[in-house]
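Working notes, beginning with the structure itself.
The values are calculated or read from the model by the stated rules, or taken from the named source; none is laboratory data. Worth saying up front: this structure is predicted, and the values here are computed from it rather than measured. Because the Cβ atoms are built from the backbone with ideal geometry, glycine has one as well, and the counts that use them run over all protein chains shown.
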Amino acid sequence: MTAQGSRVSYQQRNKVESETLRTFKAERPSEYFSHLDDDLAAFKAYDSQRENLYRFGLTFPPEFFNNKSLIDLGSGTGEATVSLARWGAICTLVEMNPDALEVAKRVFSQHTNNFNQHSFINSSLYDLDLDLLKESFDISSSSGVFTHVADKAKAFGILASLAKPGGYVLYGDRNTLGGLQEMLQRYAIYQLGGQSDEKIVEIAEILFSEDIDRSQRSVARRTRRAIIFDRWVIQQQDDPSVNEVLTFFEQEGLEYVSSWPRIDFPGRGNSVLSDPRNLPALRDGARLIESLWMVLNKGESENILSCNPIQNNEKFYDQLEVIGESLRNHQINDRVDVGQLIDKFIHLGSSVTTNNAILSERLEQFSLEVQEFLKMIEASNDPQDIRKRIDSFKILFRGYTGVRHVDYVAFKPR
Ligand SMILES: C[S@@+](CC[C@H](N)C(=O)[O-])C[C@H]1O[C@@H](n2cnc3c(N)ncnc32)[C@H](O)[C@@H]1O
(Lines give C-alpha, C1' and ligand atoms only; values in the text may rest on other atoms or scores of the structure.)
Protein backbone atom coordinates (compact mmCIF):
# COMPACT_ATOMS: atom_id res chain seq x y z
CA MET A 1 0.00 0.00 0.00
CA THR A 2 1.29 3.48 -0.74
CA ALA A 3 0.79 6.60 1.27
CA GLN A 4 -1.34 8.19 -1.40
CA GLY A 5 -4.06 5.70 -2.16
CA SER A 6 -5.79 4.38 0.88
CA ARG A 7 -9.26 3.01 0.35
CA VAL A 8 -9.63 0.31 2.93
CA SER A 9 -13.05 -0.92 3.95
CA TYR A 10 -14.14 -1.11 7.55
CA GLN A 11 -14.45 -4.90 7.20
CA GLN A 12 -10.91 -5.20 5.90
CA ARG A 13 -9.62 -3.12 8.78
CA ASN A 14 -11.47 -5.29 11.27
CA LYS A 15 -10.21 -8.49 9.70
CA VAL A 16 -6.56 -7.40 9.93
CA GLU A 17 -7.14 -6.17 13.46
CA SER A 18 -8.60 -9.43 14.67
CA GLU A 19 -5.83 -11.49 13.01
CA THR A 20 -3.16 -9.23 14.51
CA LEU A 21 -4.81 -9.45 17.90
CA ARG A 22 -4.93 -13.26 17.71
CA THR A 23 -1.18 -13.46 16.96
CA PHE A 24 -0.14 -10.94 19.59
CA LYS A 25 -2.40 -12.44 22.22
CA ALA A 26 -0.61 -15.75 21.67
CA GLU A 27 2.84 -14.15 22.00
CA ARG A 28 3.29 -10.53 23.11
CA PRO A 29 5.98 -8.98 20.90
CA SER A 30 6.89 -6.12 23.25
CA GLU A 31 7.98 -8.09 26.31
CA TYR A 32 11.59 -6.97 26.37
CA PHE A 33 12.28 -7.35 30.12
CA SER A 34 9.04 -7.77 32.12
CA HIS A 35 9.01 -11.56 31.67
CA LEU A 36 12.56 -12.09 32.96
CA ASP A 37 13.70 -13.11 36.43
CA ASP A 38 16.38 -10.42 36.40
CA ASP A 39 13.68 -7.84 35.48
CA LEU A 40 15.47 -4.92 37.16
CA ALA A 41 18.87 -5.49 35.53
CA ALA A 42 17.20 -6.11 32.16
CA PHE A 43 15.05 -3.01 32.62
CA LYS A 44 18.10 -0.85 33.38
CA ALA A 45 19.91 -2.07 30.27
CA TYR A 46 16.85 -1.42 28.12
CA ASP A 47 16.19 1.97 29.74
CA SER A 48 19.74 3.08 29.03
CA GLN A 49 19.38 1.99 25.41
CA ARG A 50 16.24 4.15 25.18
CA GLU A 51 18.22 7.11 26.45
CA ASN A 52 20.90 6.46 23.81
CA LEU A 53 18.26 6.40 21.09
CA TYR A 54 16.52 9.61 22.12
CA ARG A 55 19.50 11.67 23.27
CA PHE A 56 22.16 10.72 20.73
CA GLY A 57 20.24 9.06 17.89
CA LEU A 58 17.12 11.16 17.50
CA THR A 59 18.62 14.16 19.33
CA PHE A 60 15.27 14.53 21.05
CA PRO A 61 16.68 14.39 24.59
CA PRO A 62 15.02 12.94 27.70
CA GLU A 63 14.82 16.41 29.30
CA PHE A 64 12.41 17.41 26.55
CA PHE A 65 9.78 14.96 27.86
CA ASN A 66 9.52 16.60 31.28
CA ASN A 67 5.90 17.59 31.99
CA LYS A 68 4.85 16.86 28.42
CA SER A 69 1.56 15.11 27.75
CA LEU A 70 2.15 12.10 25.52
CA ILE A 71 -0.13 9.58 23.84
CA ASP A 72 1.27 6.27 22.58
CA LEU A 73 -0.75 4.27 20.04
CA GLY A 74 -0.26 0.49 20.19
CA SER A 75 1.83 0.70 23.34
CA GLY A 76 1.93 -3.08 23.78
CA THR A 77 3.26 -3.89 27.25
CA GLY A 78 4.47 -0.31 27.74
CA GLU A 79 8.10 -1.36 28.06
CA ALA A 80 9.26 1.02 25.34
CA THR A 81 7.14 3.87 26.78
CA VAL A 82 7.95 3.66 30.47
CA SER A 83 11.34 5.38 30.02
CA LEU A 84 9.54 8.42 28.58
CA ALA A 85 7.32 8.47 31.69
CA ARG A 86 10.40 8.33 33.91
CA TRP A 87 11.75 11.37 32.04
CA GLY A 88 8.61 13.25 33.07
CA ALA A 89 6.06 12.58 30.31
CA ILE A 90 2.46 12.14 31.48
CA CYS A 91 1.43 9.18 29.35
CA THR A 92 -1.77 7.86 27.82
CA LEU A 93 -1.26 4.33 26.53
CA VAL A 94 -3.63 3.02 23.87
CA GLU A 95 -3.53 -0.71 23.18
CA MET A 96 -6.08 -3.11 21.71
CA ASN A 97 -4.71 -6.21 23.48
CA PRO A 98 -6.08 -6.16 27.05
CA ASP A 99 -3.44 -8.67 28.26
CA ALA A 100 -0.62 -6.43 27.01
CA LEU A 101 -2.22 -3.43 28.72
CA GLU A 102 -2.34 -5.31 32.04
CA VAL A 103 1.41 -5.94 31.75
CA ALA A 104 1.87 -2.23 30.90
CA LYS A 105 0.10 -1.25 34.13
CA ARG A 106 2.43 -3.54 36.10
CA VAL A 107 5.49 -2.14 34.29
CA PHE A 108 4.41 1.45 35.01
CA SER A 109 3.63 0.72 38.65
CA GLN A 110 7.06 -0.90 39.11
CA HIS A 111 9.18 1.58 37.20
CA THR A 112 7.52 4.99 37.77
CA ASN A 113 6.63 6.75 41.02
CA ASN A 114 3.53 8.53 39.68
CA PHE A 115 1.45 5.62 38.38
CA ASN A 116 -1.87 7.41 38.97
CA GLN A 117 -1.00 10.22 36.59
CA HIS A 118 -0.85 7.87 33.60
CA SER A 119 -3.86 6.52 31.67
CA PHE A 120 -4.39 3.17 30.01
CA ILE A 121 -7.00 2.82 27.27
CA ASN A 122 -7.95 -0.58 25.95
CA SER A 123 -9.03 0.28 22.42
CA SER A 124 -8.11 0.08 18.80
CA LEU A 125 -6.43 3.27 17.68
CA TYR A 126 -9.18 3.58 15.07
CA ASP A 127 -11.88 3.74 17.76
CA LEU A 128 -10.45 6.64 19.76
CA ASP A 129 -12.76 9.57 20.38
CA LEU A 130 -10.90 12.12 18.28
CA ASP A 131 -13.41 14.89 18.99
CA LEU A 132 -12.27 14.61 22.56
CA LEU A 133 -8.58 13.90 22.07
CA LYS A 134 -7.46 15.73 18.96
CA GLU A 135 -4.74 18.33 19.35
CA SER A 136 -4.52 17.69 23.07
CA PHE A 137 -1.03 16.13 23.44
CA ASP A 138 2.41 17.72 23.33
CA ILE A 139 3.72 14.51 21.81
CA SER A 140 1.92 11.74 19.93
CA SER A 141 3.83 8.57 19.33
CA SER A 142 3.54 5.11 17.80
CA SER A 143 6.19 2.47 17.21
CA GLY A 144 6.02 -0.91 15.50
CA VAL A 145 2.26 -0.67 15.02
CA PHE A 146 1.24 0.82 11.65
CA THR A 147 3.08 -1.92 9.82
CA HIS A 148 0.46 -4.27 11.30
CA VAL A 149 -2.68 -2.29 10.40
CA ALA A 150 -4.72 -2.35 7.20
CA ASP A 151 -5.08 1.40 6.77
CA LYS A 152 -1.76 3.09 7.39
CA ALA A 153 -2.81 6.44 5.92
CA LYS A 154 -5.75 6.65 8.29
CA ALA A 155 -3.60 5.59 11.25
CA PHE A 156 -1.09 8.31 10.36
CA GLY A 157 -3.89 10.85 10.16
CA ILE A 158 -5.02 9.86 13.65
CA LEU A 159 -1.47 10.01 15.05
CA ALA A 160 -0.88 13.45 13.56
CA SER A 161 -4.26 14.79 14.70
CA LEU A 162 -3.54 13.97 18.35
CA ALA A 163 -0.55 16.32 18.58
CA LYS A 164 -1.07 19.99 19.43
CA PRO A 165 0.12 22.55 16.89
CA GLY A 166 3.68 23.22 18.01
CA GLY A 167 3.92 19.63 19.23
CA TYR A 168 5.86 16.62 18.00
CA VAL A 169 5.02 13.28 16.41
CA LEU A 170 7.27 10.28 17.04
CA TYR A 171 6.88 7.41 14.62
CA GLY A 172 8.82 4.16 14.39
CA ASP A 173 8.42 1.16 12.12
CA ARG A 174 10.16 -1.32 9.91
CA ASN A 175 11.49 -0.23 6.52
CA THR A 176 10.64 -1.86 3.17
CA LEU A 177 14.20 -2.52 1.95
CA GLY A 178 15.76 -2.77 5.39
CA GLY A 179 13.22 -5.55 6.02
CA LEU A 180 13.57 -7.22 2.63
CA GLN A 181 15.63 -10.10 3.98
CA GLU A 182 12.93 -10.73 6.57
CA MET A 183 10.36 -10.92 3.76
CA LEU A 184 12.58 -13.46 1.96
CA GLN A 185 12.69 -15.43 5.20
CA ARG A 186 8.87 -15.39 5.37
CA TYR A 187 8.63 -16.54 1.79
CA ALA A 188 10.93 -19.50 2.46
CA ILE A 189 9.18 -20.52 5.67
CA TYR A 190 5.73 -20.51 4.04
CA GLN A 191 7.01 -22.25 0.89
CA LEU A 192 8.57 -25.04 2.94
CA GLY A 193 5.27 -25.84 4.64
CA GLY A 194 4.99 -23.22 7.37
CA GLN A 195 1.23 -23.03 7.20
CA SER A 196 0.41 -23.12 10.92
CA ASP A 197 1.92 -21.34 13.95
CA GLU A 198 3.74 -24.44 15.14
CA LYS A 199 5.06 -25.37 11.73
CA ILE A 200 6.33 -21.80 11.28
CA VAL A 201 8.14 -22.07 14.62
CA GLU A 202 9.67 -25.41 13.60
CA ILE A 203 10.92 -24.26 10.18
CA ALA A 204 12.10 -20.87 11.44
CA GLU A 205 14.20 -22.65 14.08
CA ILE A 206 15.87 -24.77 11.43
CA LEU A 207 16.51 -22.07 8.85
CA PHE A 208 17.06 -18.93 10.87
CA SER A 209 18.13 -19.97 14.37
CA GLU A 210 21.26 -17.80 14.04
CA ASP A 211 19.10 -14.71 13.46
CA ILE A 212 16.86 -15.62 16.41
CA ASP A 213 19.93 -16.25 18.65
CA ARG A 214 21.31 -12.83 17.76
CA SER A 215 18.00 -11.11 18.55
CA GLN A 216 17.79 -12.90 21.86
CA ARG A 217 21.23 -11.65 22.85
CA SER A 218 20.23 -8.04 22.17
CA VAL A 219 19.15 -5.63 24.90
CA ALA A 220 15.47 -6.34 24.17
CA ARG A 221 15.59 -9.93 25.38
CA ARG A 222 12.42 -11.43 23.95
CA THR A 223 11.59 -15.12 24.02
CA ARG A 224 12.28 -17.14 20.87
CA ARG A 225 8.57 -17.61 20.31
CA ALA A 226 7.84 -13.89 20.67
CA ILE A 227 10.51 -13.18 18.04
CA ILE A 228 9.14 -15.82 15.66
CA PHE A 229 5.54 -14.65 16.09
CA ASP A 230 6.56 -11.01 15.59
CA ARG A 231 8.55 -11.76 12.43
CA TRP A 232 6.91 -14.61 10.63
CA VAL A 233 3.61 -15.68 12.22
CA ILE A 234 2.08 -12.18 12.09
CA GLN A 235 0.44 -11.81 8.72
CA GLN A 236 0.00 -8.07 8.24
CA GLN A 237 3.58 -6.81 7.96
CA ASP A 238 3.54 -4.00 5.43
CA ASP A 239 6.75 -2.01 5.98
CA PRO A 240 6.84 1.54 4.54
CA SER A 241 9.78 3.04 2.67
CA VAL A 242 11.31 6.29 3.93
CA ASN A 243 9.73 8.07 0.99
CA GLU A 244 6.29 6.84 2.00
CA VAL A 245 6.84 8.05 5.54
CA LEU A 246 7.96 11.46 4.24
CA THR A 247 4.82 11.56 2.09
CA PHE A 248 2.68 10.81 5.14
CA PHE A 249 4.40 13.66 6.98
CA GLU A 250 3.81 15.97 4.03
CA GLN A 251 0.15 14.98 3.73
CA GLU A 252 -0.43 15.60 7.42
CA GLY A 253 1.37 18.97 7.36
CA LEU A 254 4.22 17.65 9.53
CA GLU A 255 7.88 18.57 9.13
CA TYR A 256 10.68 16.04 9.31
CA VAL A 257 13.02 16.71 12.23
CA SER A 258 15.29 13.68 12.64
CA SER A 259 15.52 9.95 12.38
CA TRP A 260 17.54 7.05 13.67
CA PRO A 261 19.23 5.51 11.78
CA ARG A 262 19.69 8.78 9.92
CA ILE A 263 18.19 9.19 6.49
CA ASP A 264 20.18 12.33 5.85
CA PHE A 265 22.75 11.70 3.13
CA PRO A 266 26.14 12.75 4.58
CA GLY A 267 26.98 14.77 1.45
CA ARG A 268 24.12 17.23 1.95
CA GLY A 269 24.94 20.86 2.51
CA ASN A 270 24.53 21.62 6.16
CA SER A 271 25.66 25.15 6.62
CA VAL A 272 23.28 27.49 8.42
CA LEU A 273 21.96 28.54 5.01
CA SER A 274 20.68 25.11 4.01
CA ASP A 275 17.26 23.81 5.00
CA PRO A 276 17.50 20.52 6.88
CA ARG A 277 13.85 19.89 5.92
CA ASN A 278 14.60 20.01 2.17
CA LEU A 279 12.30 17.15 1.13
CA PRO A 280 13.71 16.32 -2.33
CA ALA A 281 17.21 16.07 -0.81
CA LEU A 282 15.93 13.89 2.02
CA ARG A 283 14.08 11.65 -0.42
CA ASP A 284 17.15 11.17 -2.63
CA GLY A 285 19.51 10.56 0.26
CA ALA A 286 17.12 8.04 1.74
CA ARG A 287 17.22 5.90 -1.40
CA LEU A 288 20.97 5.40 -1.07
CA ILE A 289 20.73 4.79 2.66
CA GLU A 290 17.98 2.22 2.19
CA SER A 291 20.06 0.19 -0.25
CA LEU A 292 22.69 0.06 2.47
CA TRP A 293 20.15 -0.95 5.12
CA MET A 294 19.12 -3.84 2.87
CA VAL A 295 22.53 -5.53 2.98
CA LEU A 296 24.05 -4.51 6.31
CA ASN A 297 24.98 -7.38 8.56
CA LYS A 298 27.85 -6.33 10.77
CA GLY A 299 26.50 -3.17 12.36
CA GLU A 300 28.02 0.22 13.00
CA SER A 301 31.51 0.06 11.51
CA GLU A 302 30.20 -1.52 8.35
CA ASN A 303 27.75 1.31 7.98
CA ILE A 304 30.64 3.68 7.39
CA LEU A 305 32.88 1.31 5.47
CA SER A 306 30.19 0.20 3.03
CA CYS A 307 29.72 3.76 1.80
CA ASN A 308 33.41 4.36 1.50
CA PRO A 309 34.75 3.75 -2.01
CA ILE A 310 38.32 4.22 -0.84
CA GLN A 311 38.32 1.97 2.18
CA ASN A 312 41.78 1.04 3.54
CA ASN A 313 43.33 3.76 1.50
CA GLU A 314 45.52 5.53 4.05
CA LYS A 315 47.61 6.94 1.20
CA PHE A 316 44.58 8.86 -0.07
CA TYR A 317 43.71 10.31 3.33
CA ASP A 318 47.36 11.25 3.99
CA GLN A 319 47.54 13.02 0.67
CA LEU A 320 44.27 14.78 1.35
CA GLU A 321 45.69 16.09 4.60
CA VAL A 322 48.82 17.37 2.80
CA ILE A 323 46.60 19.25 0.34
CA GLY A 324 44.41 20.69 3.07
CA GLU A 325 47.52 21.95 4.89
CA SER A 326 49.15 23.38 1.79
CA LEU A 327 46.51 26.08 1.28
CA ARG A 328 45.44 26.52 4.85
CA ASN A 329 45.39 30.09 6.18
CA HIS A 330 46.59 31.36 2.81
CA GLN A 331 47.45 35.07 3.11
CA ILE A 332 48.06 38.02 0.82
CA ASN A 333 51.85 37.73 0.57
CA ASP A 334 52.16 33.95 0.62
CA ARG A 335 53.81 32.32 -2.39
CA VAL A 336 52.55 29.07 -3.83
CA ASP A 337 54.70 26.62 -5.79
CA VAL A 338 52.08 25.81 -8.39
CA GLY A 339 54.06 22.87 -9.81
CA GLN A 340 54.23 21.26 -6.38
CA LEU A 341 50.56 21.92 -5.78
CA ILE A 342 49.67 20.28 -9.08
CA ASP A 343 51.86 17.29 -8.15
CA LYS A 344 49.95 16.93 -4.91
CA PHE A 345 46.67 16.75 -6.81
CA ILE A 346 48.17 14.23 -9.26
CA HIS A 347 49.12 12.10 -6.26
CA LEU A 348 45.67 12.45 -4.81
CA GLY A 349 44.03 11.41 -8.08
CA SER A 350 46.23 8.35 -8.44
CA SER A 351 45.62 7.20 -4.87
CA VAL A 352 41.86 7.05 -5.53
CA THR A 353 42.38 4.56 -8.31
CA THR A 354 42.62 1.74 -5.79
CA ASN A 355 38.96 1.20 -6.38
CA ASN A 356 37.37 -0.62 -3.51
CA ALA A 357 33.70 -0.06 -4.08
CA ILE A 358 32.48 -1.95 -1.07
CA LEU A 359 28.81 -1.07 -1.47
CA SER A 360 28.54 -2.12 -5.10
CA GLU A 361 30.43 -5.35 -4.40
CA ARG A 362 28.13 -6.10 -1.51
CA LEU A 363 25.02 -5.38 -3.53
CA GLU A 364 26.24 -7.69 -6.28
CA GLN A 365 27.06 -10.46 -3.80
CA PHE A 366 23.67 -9.99 -2.14
CA SER A 367 21.90 -10.29 -5.46
CA LEU A 368 23.77 -13.51 -6.32
CA GLU A 369 22.96 -15.05 -2.96
CA VAL A 370 19.27 -14.13 -3.25
CA GLN A 371 19.14 -15.75 -6.70
CA GLU A 372 20.76 -18.91 -5.37
CA PHE A 373 18.42 -18.96 -2.39
CA LEU A 374 15.29 -18.58 -4.52
CA LYS A 375 16.40 -21.40 -6.81
CA MET A 376 17.07 -23.61 -3.80
CA ILE A 377 13.60 -23.01 -2.38
CA GLU A 378 12.14 -24.01 -5.75
CA ALA A 379 14.26 -27.14 -6.00
CA SER A 380 14.26 -28.53 -2.47
CA ASN A 381 11.75 -28.90 0.31
CA ASP A 382 14.26 -30.02 2.90
CA PRO A 383 14.87 -27.18 5.39
CA GLN A 384 18.03 -28.88 6.77
CA ASP A 385 19.50 -28.98 3.30
CA ILE A 386 18.69 -25.31 2.71
CA ARG A 387 20.12 -24.33 6.08
CA LYS A 388 23.49 -25.82 5.10
CA ARG A 389 23.58 -23.58 2.05
CA ILE A 390 22.47 -20.52 4.04
CA ASP A 391 25.45 -21.10 6.34
CA SER A 392 27.76 -20.63 3.37
CA PHE A 393 26.33 -17.20 2.48
CA LYS A 394 28.36 -14.09 3.21
CA ILE A 395 25.57 -11.50 3.42
CA LEU A 396 22.09 -12.91 3.04
CA PHE A 397 20.60 -13.85 6.44
CA ARG A 398 23.94 -13.35 8.17
CA GLY A 399 24.44 -11.10 11.21
CA TYR A 400 21.92 -8.30 11.42
CA THR A 401 20.04 -9.42 8.31
CA GLY A 402 19.39 -5.82 7.27
CA VAL A 403 18.44 -2.73 9.24
CA ARG A 404 14.81 -3.35 10.02
CA HIS A 405 13.51 -0.61 12.30
CA VAL A 406 13.63 3.16 11.79
CA ASP A 407 12.47 5.88 14.21
CA TYR A 408 11.43 9.35 13.06
CA VAL A 409 10.63 12.66 14.76
CA ALA A 410 8.33 15.19 13.07
CA PHE A 411 7.18 18.66 14.10
CA LYS A 412 3.61 19.93 13.78
CA PRO A 413 3.83 23.63 12.90
CA ARG A 414 1.73 26.13 14.82
C1 LIG B 1 5.07 -4.90 17.72
S2 LIG B 1 4.04 -4.33 19.00
C3 LIG B 1 4.80 -2.81 19.44
C4 LIG B 1 4.52 -2.41 20.85
C5 LIG B 1 5.20 -1.13 21.34
N6 LIG B 1 4.75 0.05 20.63
C7 LIG B 1 6.70 -1.24 21.23
O8 LIG B 1 7.32 -0.48 20.49
O9 LIG B 1 7.26 -2.09 21.92
C10 LIG B 1 2.58 -3.83 18.15
C11 LIG B 1 1.44 -3.52 19.11
O12 LIG B 1 0.43 -2.79 18.40
C13 LIG B 1 -0.82 -3.25 18.83
N14 LIG B 1 -1.80 -2.91 17.78
C15 LIG B 1 -1.85 -3.38 16.52
N16 LIG B 1 -2.90 -2.84 15.85
C17 LIG B 1 -3.51 -1.99 16.71
C18 LIG B 1 -4.64 -1.13 16.62
N19 LIG B 1 -5.36 -1.07 15.52
N20 LIG B 1 -4.97 -0.40 17.69
C21 LIG B 1 -4.25 -0.46 18.84
N22 LIG B 1 -3.19 -1.28 19.00
C23 LIG B 1 -2.80 -2.03 17.94
C24 LIG B 1 -0.63 -4.72 19.02
O25 LIG B 1 -1.62 -5.30 19.83
C26 LIG B 1 0.75 -4.75 19.65
O27 LIG B 1 0.70 -4.67 21.05
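Among residues belonging to the stretch 329-363 that are assigned to a helix (DSSP H, G or I) and of a type in the set (Gly, Ala, Ser), point out the one that is modelled with the highest pLDDT.
Of the stretch 329-363, the ones assigned to a helix (DSSP H, G or I) are 338-352, 358-363.
With the extra rule that they be of a type in the set (Gly, Ala, Ser), the set shrinks to 339, 349-351, 360.
Working: Gly339: 93, Gly349: 80, Ser350: 79, Ser351: 76, Ser360: 76.
The selected residue is Gly339.
With respect to Arg214, determine if the residue is of a type outside the set (S, T, N, Q), over 17 Å from Thr77 (Cα atoms), assigned to a helix (DSSP H, G or I) and within 14 Å of the ligand (Cβ to nearest atom). Before the answer, list the steps.
Details: of a type outside the set (S, T, N, Q): yes; over 17 Å from Thr77 (Cα atoms): yes; assigned to a helix (DSSP H, G or I): yes; within 14 Å of the ligand (Cβ to nearest atom): no.
Considered against the rule, which asks whether it is of a type outside the set (S, T, N, Q), over 17 Å from Thr77 (Cα atoms), assigned to a helix (DSSP H, G or I) and within 14 Å of the ligand (Cβ to nearest atom), Arg214 comes out as no.
Looking at (1) in contact with a helix residue (DSSP H, G or I) (Cβ under 7 Å, 6 or more places away or on another chain); (2) modelled with pLDDT of 95 or more; (3) among the polar types (S, T, N, Q), which one does Gln311 not meet, given that it meets all the others?
Of everything listed in (1) in contact with a helix residue (DSSP H, G or I) (Cβ under 7 Å, 6 or more places away or on another chain); (2) modelled with pLDDT of 95 or more; (3) among the polar types (S, T, N, Q), Gln311 misses just condition (2).
Which residues, taken from the stretch 78-97, are on the phi < 0 side of the Ramachandran plot, away from the ligand (no atom under 13 Å from the Cβ) and not hydrophobic (A, V, I, L, M, F, W, C)?
Taking the stretch 78-97 and keeping what is on the phi < 0 side of the Ramachandran plot, we get 79-87, 89-97.
Narrowing the set further to residues that are away from the ligand (no atom under 13 Å from the Cβ) leaves 85-87, 89-90.
Arg86, the sole residue that qualifies.
Filter the stretch 268-283 for residues that are exposed (fewer than 15 other Cβ atoms within 10 Å of the Cβ) and touching a residue at least 12 places away in the same chain (Cβ under 8 Å) and give the result.
Once the filter is applied, which keeps residues that are exposed (fewer than 15 other Cβ atoms within 10 Å of the Cβ) and touching a residue at least 12 places away in the same chain (Cβ under 8 Å), the stretch 268-283 yields Arg268, Pro276, Arg277.
For residues that are among the polar types (S, T, N, Q) and more than 15 Å from the ligand (Cβ to nearest atom), tally how many sit in the stretch 59-77.
Going residue by residue through the stretch 59-77, those that are among the polar types (S, T, N, Q) are 59, 66-67, 69, 75, 77.
Filter again for more than 15 Å from the ligand (Cβ to nearest atom), leaving 59, 66-67, 69.
Total meeting the criteria: 4.
Restricting the search to the stretch 389-407, which residues are more than 14 Å from Met294 (Cβ to Cβ) and surrounded by fewer than 16 Cβ atoms within 10 Å (Cβ to Cβ)?
Once the filter is applied, which keeps residues that are more than 14 Å from Met294 (Cβ to Cβ) and surrounded by fewer than 16 Cβ atoms within 10 Å (Cβ to Cβ), the stretch 389-407 yields Arg389, Asp391, Ser392, Lys394.
Which pairs have Cβ atoms under 7 Å, sit 6 or more apart or on different chains, and link a residue in the stretch 361-384 that is hydroxyl-bearing (Ser, Thr, Tyr) to one that is assigned to a helix (DSSP H, G or I)?
Close Cβ pairs (under 7 Å, with a partner that is assigned to a helix (DSSP H, G or I)) amount to Ser380/Ile386.
If you scan the stretch 34-58, which residues turn out to be away from the ligand (no atom under 11 Å from the Cβ) and among the aromatic types (Phe, Trp, Tyr)?
Phe43, Tyr54, Phe56
Here's the yes/no breakdown for (1) surrounded by fewer than 18 Cβ atoms within 10 Å (Cβ to Cβ); (2) modelled with pLDDT under 95; (3) not hydrophobic (A, V, I, L, M, F, W, C):
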residue	(1), (2), (3)
Leu84	no, no, no
Ala89	no, no, no
Thr92	no, no, yes
Asp99	yes, no, yes
Asn114	yes, no, yes
Ser119	yes, no, yes
Leu125	no, no, no
Leu128	no, no, no
Glu135	yes, no, yes
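Which count do you get for residues in the stretch 209-226 that are polar (S, T, N, Q) and touching a helix residue (DSSP H, G or I) at 6+ places or on another chain (Cβ under 7 Å)? Can you show your working first?
Of the stretch 209-226, the ones polar (S, T, N, Q) are 209, 215-216, 218, 223.
Still in the list and also touching a helix residue (DSSP H, G or I) at 6+ places or on another chain (Cβ under 7 Å): 215-216.
Residues in the stretch 209-226 being polar (S, T, N, Q) and touching a helix residue (DSSP H, G or I) at 6+ places or on another chain (Cβ under 7 Å): 2 in total.
Can you tell me which of Arg214, Arg262 is within 30 Å of Phe65 (Cβ to Cβ) and among the basic types (Lys, Arg)?
Numbers: Arg214 fails: within 30 Å of Phe65 (Cβ to Cβ).
Result of the check over Arg214, Arg262: Arg262.
In the stretch 385-414, what count of residues is obtained for those that are assigned to a helix (DSSP H, G or I) and in contact (Cβ under 8 Å) with a residue 60 or more places away in the chain? So that I can check it myself, show each step before the final result.
Filtering the stretch 385-414 for residues assigned to a helix (DSSP H, G or I) gives 385-390.
From what is left, the residues that are in contact (Cβ under 8 Å) with a residue 60 or more places away in the chain are 386-387, 390.
Residues meeting the conditions: 3.
Table: residues versus (1) over 28 Å from Phe33 (Cβ atoms); (2) in contact (Cβ under 8 Å) with a residue 40 or more places away in the chain; (3) surrounded by fewer than 19 Cβ atoms within 10 Å (Cβ to Cβ).
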site: Gln195; (1), (2), (3): yes, no, yes
site: Arg231; (1), (2), (3): no, yes, no
site: Ile234; (1), (2), (3): no, yes, no
site: Glu250; (1), (2), (3): yes, no, yes
site: Glu255; (1), (2), (3): yes, yes, yes
site: Asp264; (1), (2), (3): yes, no, yes
site: Gly299; (1), (2), (3): no, yes, yes
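Within the stretch 29-73, work out how many residues are buried (at least 20 other Cβ atoms within 10 Å of the Cβ), under 16 Å from Ser218 (Cα atoms) and hydrophobic (A, V, I, L, M, F, W, C).
Qualifying residue count, the stretch 29-73: 2.
Report whether or not Asp138 is out of contact with any strand residue (DSSP E or B) (no Cβ under 7 Å at 6 or more places or on another chain) and farther than 24 Å from Ala220 by Cβ. Talk me through it step by step, then tell me what you get.
Numbers: out of contact with any strand residue (DSSP E or B) (no Cβ under 7 Å at 6 or more places or on another chain): no; farther than 24 Å from Ala220 by Cβ: yes.
No, not satisfied.
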